[in-house]
1. Just to be sure, is residue 93 farther than 30 Å from residue 367 by Cα, under 20 Å from the mean Cα position of the chain (by Cα) and either modelled with pLDDT under 95 or among the polar types (S, T, N, Q) (or both)?
2. Among the residues of the stretch 137-193, write down those that are surrounded by 19 or more Cβ atoms within 10 Å (Cβ to Cβ) and either among the aliphatic types (A, V, I, L, M) or not assigned by TED's automatic domain parsing to the domain that holds residue 212 (or both).
3. Considering (1) in a loop (DSSP other than H, G, I, E, B); (2) free of Cβ contacts under 8 Å to residues at least 24 places away in the same chain; (3) farther than 18 Å from residue 105 by Cβ, say which one residue 213 fails and leave the rest.
4. Which condition breaks for residue 82 when tested against (1) exposed (fewer than 11 other Cβ atoms within 10 Å of the Cβ); (2) under 22 Å from residue 268 (Cα atoms)?
5. Is it true that residue 206 is assigned by TED's automatic domain parsing to the domain that holds residue 73 and within 24 Å of residue 104 (Cα to Cα)?
6. Which numbered condition in (1) aliphatic (A, V, I, L, M); (2) outside the structural domain of residue 262 (by TED's automatic domain parsing); (3) more than 30 Å from residue 369 (Cα to Cα) is the only one that residue 48 fails?
7. It is to be established whether one or more residues within the stretch 123-132 are out of contact with any strand residue (DSSP E or B) (no Cβ under 8 Å at 6 or more places or on another chain) and crowded, with 16+ Cβ neighbours inside 10 Å.
8. Which fully enclosed helices (runs of 4 or more DSSP H) of the stretch 81-196 have 2 or more residues being more than 21 Å from residue 277 (Cβ to Cβ) and among the aliphatic types (A, V, I, L, M)?
Amino acid sequence: MKRDAPHSAIGSLMDITARPEQLFLRGDGSWLWDDRGRRYLDFVQGWAVNTLGHAPACIRDALARQSALLLTPSPAFHNQPASALAELLCRHSDFDQVFFTNGGAEANEGAIKLARKWGQLHKGGAHEIITFRDAFHGRTLATMSASGKPGWDRIFAPQVPGFPKALLNDLASVQALIGPDTVAILLEPVQGESGVNAATPVFLQGLRALCDQHGLLLIFDEVQTGIGRLGTLFGYQHFGVVPDIITLAKGLGGGVPIGALLARRHACVFVHGDQGGTFNGNPLMCAVGLAVMQAVLADGFLAEVRATGDHLGARLQALSAQYGLGEARGIGLLRALDLGRPVAAEVVAHARERLMLGGAAGNTGLLLNAPRPSVLRFMPSLTVTRAEVDLMIDGLAISLEAVAVRPL
């Protein structure tokens, strides 16, 4: 049926979030350009997705090479990139087997299934998985139910049952929820969506001890903390606590959709027909995952992430002191700044729309993220430079003053 009025390309997208008007055309490293020719220093990077920044040559080349060879033969067959990536992930971790997915929610959904299957086999049908308030595990019905994001218990109700909520860094709240139906504990080592709130090493050690004592599985959602984000290849390595299962996504693909579920041998209980997916482990995405992993594992890469993360943390702490703000927190290149007042969205809008960063004739903006009304989150590429960190801090100071946050 022919429409009477013209239909815009942007208007054809389902309206599921408040997107600004910019139409981005290209990116390079820490920078993005829109259709008006304005450039932006990007400290969001697709929500911690672009491990190596925008349009890195190694990903471009991996896509070109693999697309000329094989896109997907079906997950019912082996392919070389998937096998090589699985072997590399296991060789550099404490895990024995990998199941590839198309993203983080699917990886977490797989972890939930794996834990419940393990409970059927080893815990008399136990199925409950203790999760945490303010956690975020994805947007499927099960992962929304596992999440502790306020209000999500009413969207798409009824929820999937079996996810009692404890408090992060409160071991007693976890102990109180353990019962005969408990099969696992699932958490992010650093809660990203709640404003970059990290579990303490003592708390994670306590969870490991509880799981060992009660015969439970410990699951880390490392969708945001995995692949170098905290300065170690996997987040659990930063804390020195080995879980039974971890999930990956975001940084593993460096900008393309791929996730992974990794498990230690005793937890690998799927049998044929339990799990699958049409595009899971396809060669094209796995070739990119290999390229990303090889870059992150290169000599000196993770040491530089740690050094740059320390620099970002120090600059945020100094800015907080200068302007009388709240806590600057985080690990590696996952950081947050509590503004102490609900102006984060205003700061983000000013930095994007009206900032004249670096004196580039008013044509350079800054992309920031506000996961909470008073909190800014910083997720630059792992290749961000100290000079780019300093430029971001300069721009952030301008935007703070623009929304009436003055230095002391």
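1. Considered against the rule, which asks whether it is farther than 30 Å from residue 367 by Cα, under 20 Å from the mean Cα position of the chain (by Cα) and either modelled with pLDDT under 95 or among the polar types (S, T, N, Q) (or both), residue 93 comes out as yes.
2. First, pick out the residues of the stretch 137-193 that are surrounded by 19 or more Cβ atoms within 10 Å (Cβ to Cβ): 137-138, 142-148, 162-163, 166, 168, 174, 182-193.
Of everything in the stretch 137-193, those that are surrounded by 19 or more Cβ atoms within 10 Å (Cβ to Cβ) and either among the aliphatic types (A, V, I, L, M) or not assigned by TED's automatic domain parsing to the domain that holds residue 212 (or both) turn out to be 142, 144, 146, 166, 168, 174, 183, 184, 185, 186, 187, 190.
3. Condition not satisfied by residue 213: (1).
4. Condition not satisfied by residue 82: (1).
5. Details: assigned by TED's automatic domain parsing to the domain that holds residue 73: yes; within 24 Å of residue 104 (Cα to Cα): no.
No: the conditions fail for residue 206.
6. Among (1) aliphatic (A, V, I, L, M); (2) outside the structural domain of residue 262 (by TED's automatic domain parsing); (3) more than 30 Å from residue 369 (Cα to Cα), residue 48 violates only (3).
7. In the first step, residues of the stretch 123-132 are kept if they are out of contact with any strand residue (DSSP E or B) (no Cβ under 8 Å at 6 or more places or on another chain); the result is 124-125.
Checking which are crowded, with 16+ Cβ neighbours inside 10 Å leaves us with none.
Within the stretch 123-132 (the criterion being out of contact with any strand residue (DSSP E or B) (no Cβ under 8 Å at 6 or more places or on another chain) and crowded, with 16+ Cβ neighbours inside 10 Å), the answer is no, since none of the residues qualifies.
8. Values: elements: 104-122, 141-146, 171-175.
Once the helices (runs of 4 or more DSSP H) in the stretch 81-196 are filtered for at least 2 residues that are more than 21 Å from residue 277 (Cβ to Cβ) and among the aliphatic types (A, V, I, L, M), what remains is 171-175.
The values are calculated or read from the model by the stated rules, or taken from the named source; none is laboratory data. From a predicted model like this one, the values you see are computed outputs, not experimental measurements. Positions of Cβ are generated from backbone atoms using ideal geometry, with glycine treated the same way; all protein chains shown enter the neighbour counts.
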